[in-house]
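In what follows, a structure is listed as structure tokens, so that the remarks can point back to it.
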Amino acid sequence: MAALIGRDLLSLADFSPTEVLELLQMASRLKSQKLRLRCHKVLGLLFSKASTRTRVSFTVAMYQLGGQVIDLNPNVTQVSRGEPVQDTARVLDRYLDILAIRTFAQQELEIFANYAKIPVINALTDLEHPCQVLADLMTVQECFGTFSGLTLTYVGDGNNVANSLVLGCALVGMNVRIATPNGFEPNAAIIETARLIAANKTEVLLTHDPEIATKGSHVIYTDVWASMGQEQEADNRMPIFQPYQVNEQLMSLAQSEAIVLHCLPAHRGEEITDEVMEGPQSRIWDQAENRMHAQKALLASILGAEEF
Ligand code: CP
Ligand code: NVA
């Protein structure tokens, strides 16, 4: 898709509804092998937080496109010894074709993007996880064949995944409801942006009531109650979030054909029960697989891969 060549993906709001929908279509054609793309470029992965899915799915996607990947763990670079972001960004820019960054502050990602001329992709910050949500939307589309008339309910912490989900649902025209404890709502500026995108055509609802949010919904989504960097808060958060567990009782309020998603890794018995994770409504493993297809489409679009 020519419109994405050379672009950054720092927030899902960087892309228009049409760009997201076209990207999802490309991802699904790549998955079914109706489309074959190649680009012999080099992707750098600069991850300051742990990762299984994002690291491996980006790596395999790039290999399958015929490109190469360098894993730039901060511990083996000068980043861990305090080399300024501005300097690292300008140097990596001279070697790499594209850079995916996983870090804490969204602002650090933005500095990278300002100083590096090559495209920069958000591979998770404290604020957003846009690559995850591309795969989530792809999974919803695979299951229902449409976004129109559907409602996605996210139950739990109003974190990075919740923020990107709100934007993603608004972009593709799906209703979104977010049920969090008081004080754990998604980012207010992101909600405002999502409401502007949704333009009163679809719902963007915040509530503290998981049952109201789940009633009649088509997609139930949850994530950990304490994200990376919040480990010390985990014990205090546990009783606050207990009423927000996705379990069979909560699922009984959703549509009978509803699916369950979780970005993983999961804390079974906390935000989601074993029964629901392993149950017939779970599409969690397809969702994890789709990370690779969605990111392959993303890399191919940004790098201008050619069909063969
Ligand atoms: N969902 C996700 O981003 O997983 P990883 O942290 O393993 O990359
Ligand atoms: N919200 C989680 C997502 C992990 C993929 C975190 O940031 O740790």
Sites GLU203 and GLN33, calculated FRET efficiency, Cβ-Cβ separation with R0 41 Å, nearest 0.05: 0.65
Sequence of LYS215, LYS49, LYS31, LYS117 from largest to smallest accessible area, 1.4 Å probe: LYS117, LYS215, LYS31, LYS49
Theoretical gain in end-to-end length, ASN114 to GLN232 [0.36 nm per residue, Cα-Cα removed]: 39.2 nm
Translational diffusion of the stretch 235-281, µm² s⁻¹ [Kirkwood Rh, Cα pairs; Stokes-Einstein; 37 °C; 0.692 mPa s]: 289 µm²/s
Angle between the chain longest axis and helix 284-303 axis [Cα atoms, degrees, rounded to 10]: 30 degrees
Point-to-point label distance, TYR95-ARG268, nm (Cα→Cβ direction, 7 Å offset): 4.0 nm
Over the stretch 151-224: Rg over Rh, Cα atoms, Kirkwood Rh: 0.92
The chain, accessible area per residue, ligands and nucleic acids excluded (1.4 Å, Å²): 42 Å²
Solvent-accessible ranking of TRP285, TRP225, largest area first, probe 1.4 Å: TRP285, TRP225
Calculated FRET efficiency for the pair GLU192/ILE212, C-beta based, R₀ 22 Å, to 0.05: 0.50
Fraction of accessible area attributable to carbon and sulfur, the stretch 202-308 (%, probe 1.4 Å): 50 percent
Equivalent ellipsoid semi-axes - Cα gyration tensor, the chain, angstrom: 31, 22, 17
Accessible area of the stretch 1-121 belonging to carbon and sulfur atoms, whole % at 1.4 Å probe: 49 percent
Cα pair distances in the stretch 1-114, grouped into 5 Å bins until the bin that holds the longest one, percent each: 2, 10, 18, 22, 22, 14, 7, 4, 1, 0
Probe 1.4 Å, all protein chains present, accessible-area order of PHE15, PHE104, PHE144, largest first: PHE104, PHE144, PHE15
Beta bridges per DSSP with both ends in the chain, % antiparallel, nearest 5: 5 percent
Most positive-pole-ward Cα, LEU35, PHE15, MET1, against dipole of the stretch 1-51 from beta carbon charges: LEU35
Net lengthening on full extension, SER256/VAL56 (0.36 nm per residue, minus Cα-Cα): 68.6 nm
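The values are calculated or read from the model by the stated rules, or taken from the named source; none is laboratory data. Remember, it's a predicted structure, so these values are computed and weren't measured experimentally. Note: ideal-geometry Cβ built from the backbone for every residue, glycine included; neighbour counts use all protein chains shown. The protein model used for the area step is the full one, side chains on, heavy atoms only, and it has no ligands, DNA or RNA in it. Shrake-Rupley method; radii C 1.70, N 1.55, O 1.52, S 1.80 Å.
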